[in-house]
Amino acid sequence: MMPYFFSKQSAVLLSLAILCCLSVFVTNAANAAASSAWPMFHHDAQHTGQSSNNGPQTNTLKWSYSASSGNASNGNTPPDTPSISNDGLTLYTNVSGLNGVAGTHYLVALSTANGQVMWSQSLSGGGATAVGADGTVYAVGGTILYAYTSAGTLKWTYSGATDSIHGEPCIGSDGTIYMGSWDTYVYAVNSDGTLKWKYKTAGAIAPLASPTLSTDGLTLYVGSGDPHKQTDGTLYAILTSSGTLKWSKKIDNSRSSGAVVGQDGTVYAAGTGRINAFTLDGTQLWQSASGTAESLTPALSSSGIIYTGTGSTGKIYALNATTGATLWSYQTGVNPNYPNGPQYGVLTAPVIGADSTVYVGSVDGKMYAMKSDGTLLWTYSTSSTIEEDCPAIGADGTLYFSSSNTYLYAVKDNTTTYTLSVSKSGTGTGTITSSPSGISCGSTCSASYTSGTSVLLTAAAASGSNFSSWTGCDNTSGSQCTVTISSNKSVTAAFTAGMLDNDSASAAFDAIYIQYASWFGTKSGGVYTYTSGSTPYYVQWYSNGAGLVAGTDGNLYTYYNGQWYSLGITWRTFGAAASKISSIYSQYTSWFGTRSGGIVSGTSGSATYYLQWFSNGAALVAWTDGYMYTYYNGTSYAWGVSWR
């Protein structure tokens with residue numbers, strides 16, 4: 001066997017290949033925890049609150065869920081900060097009061113489609129959830145961290161904390177779970193449930209103060225202090241490899257918020273009513289104006305805007321992430337429970353849609369949707385305070401949030417679609433178009449529209465036809481039809497052949513009148529239009545009390561002394577022929593002379609004709625092939641014009 005030796009070039013190439021593999025592994029690991037649309041508190045390990053999906057643009061309720069059926073007494077609490085499965089089909093949250101037992105806590109897996117419970121597992125207390133890259137569901141239950149499979153099977157528990165774990169779980173790219181407790185410790189737990197390290201801060205770690213990772217995953221930032229337990233107000237930077245302190249900054253006398261980390265590594269945290277910005281090494285860059293923040297985790301948009309809120313004034317603030325300057329503020333409403341609670345307050349963590357829409361709850365019981373310029377899009381009222389809540393945005397655009405009334409709400413734009421189909425009937429032809437666009441019938445005679453859409457259909461008769469009527473509409477106005485989409489619907493437009501109906505009727509009446517003027521007397525006004533149902537008919541009254549009627553069945557009648565007499569004439573075609581005969585005659589009266597009687601009809605084989613004789617011996621003839629002829633001295637002369 002020939003010995004195998006590595007050349008220097010081969011060694012270099014092998015080294016590069018290994019580095020590439022490692023680079024791919026690190027990149028994939030860094031992105032793995034974000035495979036869910038919302039895997040943890042504030043979306044990602046940097047807790048920006050910035051989703052890659054759009055949230056709802058309307059306040060349409062998709063569903064709501066309460067384990068305690070809205071009973072907020074006896075220790076039942078709102079659903080905790082939720083997370084979403086990697087496939088987007090399941091939402092995980094910690095609820096209380098399930099099965100009617102007040103104060104008990106359960107991890108529930110809810111269908112994102114309809115809010116139905118898919119499975120549940122008993123927990124030892126309240127707390128947030130998170131989802132790992134492999135689909136493992138992590139749930140805090142009081143002092144215990146639970147790990148479940150996506151099917152609800154327990155994998156392991158970690159019970160090293162000695163007080164409630166309020167600092168929501170944050171998952172690193174290597175699978176490490178970081179969380180903070182009221183016992184003043186930050187815990188780093190391996191993905192198998194063993195302790196990696198723990199670090200003691202000087203205060204209790206409060207809700208919405210989840211530990212935050214730097215973009216490279218090497219540093220963990222933790223805000224400490226809770227006035228309800230043990231105060232501190234320090235922001236800590238801890239090395240993730242060892243759990244040792246890198247630096248710390250005192251930013252409040254009582255409570256520091258959780259941190260947010262920008263793409264450039266800037267660290268943002270709230271304290272003393274301001275947002276503080278720090279470099280990676282702890283150098284302070286800026287402070288926002290006094291009173292622009294509460295000690296709760298702010299949000300950071302991909303466009304460089306920080307969103308936060310205040311507890312005492314109830315304002316939502318937008319700040320420039322580079323300078324801390326205030327861009328705008330918005331005043332929320334009054335707590336419905338006041339004075340049993342604060343009068344105002346934005347005590348939640350804002351979240352941001354991919355289109356820059358900001359969602360933030362208030363103690364006035366409303367969820368606010370704001371444009372990035374501070375314009376209000378909508379509010380959704382829960383009639384109960386929203387506080388210490390972090391919403392979530394699903395891949396399908398659903399916004400999930402909870403209220404103190406124990407309900408979890410799912411709000412989503414209504415995208416249910418139904419099919420609107422149109423058809424045409426009658427002897428004529430025409431087109432139907434829609435607004436909004438979609439139907440051009442013609443060729444495209446059906447389209448799908450979102451439920452609630454009002455569709456305006458317009459019928460246009462083709463040359464030689466006229467529009468008659470609509471069926472299947474919600475409302476009609478002449479040739480227009482309005483349909484509001486709530487189910488699959490069908491609409492029909494009827495078209496008739498010939499001239500405009502009232503013109504055809506008038507011409508037919510005149511042709512009959514010419515023959516019987518001495519009996520009818522004089523005209524009493526013009527042609528009147530009446531309707532029978534949705535179909536029109538036309539009447540010409542005369543001084544002898546008779547009326548000529550163009551009926552909806554297409555026939556011509558005389559009405560006299562309460563009796564109907566059919567004239568055996570199809571008035572639309574007869575009227576069209578009479579109109580064309582009269583038009584030509586009016587141009588050549590001096591040649592034709594006077595009319596000899598009225599218009600008569602006849603047949604030749606299967607063809608029908610309408611004929612008017614004149615005193616010079618000529619006749620004008622309208623044949624059913626649609627063309628006009630003059631018959632004179634035994635010869636027919638075509639006019640080359642269509643009378644239909």
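Quick notes on this one:
- Ranked by the mean number of other Cβ atoms within 10 Å per residue, highest first, peptides 124-130, 543-549 order as 124-130, 543-549.
- Neighbours of Asp264, meaning other residues whose beta-carbon lies under 15 angstrom from its beta-carbon, give a summed charge of -2 when Lys and Arg score +1 and Asp and Glu score -1.
- Segment 573-627 and segment 268-282 have Cα centres separated by 96 Å.
- Sites Val600 and Ser440, calculated FRET efficiency, Cβ-Cβ separation with R0 30 Å, nearest 0.05: 0.10
- Theoretical ellipticity at 222 nm over the chain - DSSP helices of four or more residues, -39500 (n - 2.57) apiece, nearest 500: -3500 deg cm²/dmol
- Normalised by the number of residues in segment 558-644, the mean separation of alpha-carbon contacts (under 8 Å, six or more apart) gives a relative contact order of 20 percent.
- Other-chain or far-sequence residues with amide H under 5 Å of Met628's (modelled H): Trp639, Gly640, Val641, Trp643
- With one equal scatterer per alpha carbon and no solvent term, the Debye-computed log10 I(q)/I(0) for segment 312-370 at 0.14, 0.22, 0.26 1/Å reads -0.41, -0.87, -1.07.
- Note on Asp625 and Ser312: the extension gain reaches 104.1 nm, defined as 0.36 nm multiplied by sequence separation minus the Cα-Cα distance.
- Gyration tensor (alpha-carbon) shape descriptor, segment 397-439, a/c threshold 1.5: prolate
- The residues of segment 349-443 have, on average, 33 Å² of accessible surface per residue, using a 1.4 Å probe with all protein chains present.
- For the set Trp519, Trp156, the ranking by accessible area, highest first and with no ligand, DNA or RNA atoms included, is Trp519, Trp156 under a 1.4 Å probe.
- Electrostatic dipole magnitude of segment 214-271 [Cβ: Lys, Arg +1; Asp, Glu -1; Cα centre; debye, to 20]: 160 debye
- Built from the Cα atoms of segment 210-269, the convex hull projects on average onto 3.9 nm², one quarter of its surface area.
- Space enclosed by the convex hull of the alpha-carbon atoms of segment 281-387, per residue, Å³: 95 Å³
- Per residue, segment 70-183 exposes an accessible area of 33 Å² to a 1.4 Å probe, with every protein chain left in place.
- Here the accessible area of segment 277-320 is 49 percent carbon and sulfur, with a 1.4 angstrom probe and all protein chains present.
- Averaged per residue, segment 186-238 has 31 square angstrom of accessible surface, using a 1.4 angstrom probe with ligands and nucleic acids left out.
- Amide H contacts under 5 Å for Gly309: Glu294, Tyr317, restricted to partners 5 or more places along the chain or on a different chain, H placed in the peptide plane at 1.01 Å from N.
- In this structure, the residue pairs whose Cα-Cα separation is over 22 Å, taken from Lys366/Lys412; Lys315/Lys371; Lys315/Lys366; Lys155/Lys229; Lys424/Lys489; Lys424/Lys580, are Lys155/Lys229; Lys424/Lys580.
- For segment 392-529, the share of accessible area belonging to carbon and sulfur comes to 48 percent (1.4 Å probe, ligands and nucleic acids excluded).
- Angle between the chain longest axis and helix 571-587 axis [Cα atoms, degrees, rounded to 10]: 60 degrees
- Local net charge near Asp226, Cβ-Cβ under 12 Å (Lys/Arg +1, Asp/Glu -1): -3
- Measuring nothing but protein heavy atoms, the accessible surface of segment 540-644 at 1.4 Å probe radius is 49 percent carbon and sulfur.
- Across the chain, Cα pairs under 8 Å and at least six residues apart give a relative contact order of 8 percent.
- Label point 7 Å beyond Cα of Val101 along Cβ direction - residues of segment 120-162 with amide nitrogen under 12 Å: 121-125
- Residue by residue, segment 36-45 carries 3J(HN,Hα) couplings of 7, 5, 8, x, 7, 3, 6, 6, 9, 5 Hz when phi is fed to the Karplus relation 6.51 cos²θ - 1.76 cosθ + 1.60 (θ = phi - 60°); x denotes Gly or Pro.
- For Thr484, the residues 5 or more places off, or on other chains, whose built amide H falls under 5 Å of its own are Val455, Asp474.
- Proximal charge balance of Tyr344 [Cβ under 14 Å; K/R count +1, D/E count -1]: -1
- Histogrammed with a bin width of 20 Å, the alpha carbon distances of the chain distribute as 17, 33, 15, 15, 15, 4, 0 percent, first bin at zero.
The values are calculated or read from the model by the stated rules, or taken from the named source; none is laboratory data. Remember, it's a predicted structure, so these values are computed and weren't measured experimentally. In this analysis, Cβ positions are derived from the backbone assuming ideal geometry, glycine residues included, and neighbour counts consider all displayed protein chains. Each accessible area value is taken on the protein alone, full model and side chains, heavy atoms only, with ligands, DNA and RNA left out. Shrake-Rupley method; radii C 1.70, N 1.55, O 1.52, S 1.80 Å.
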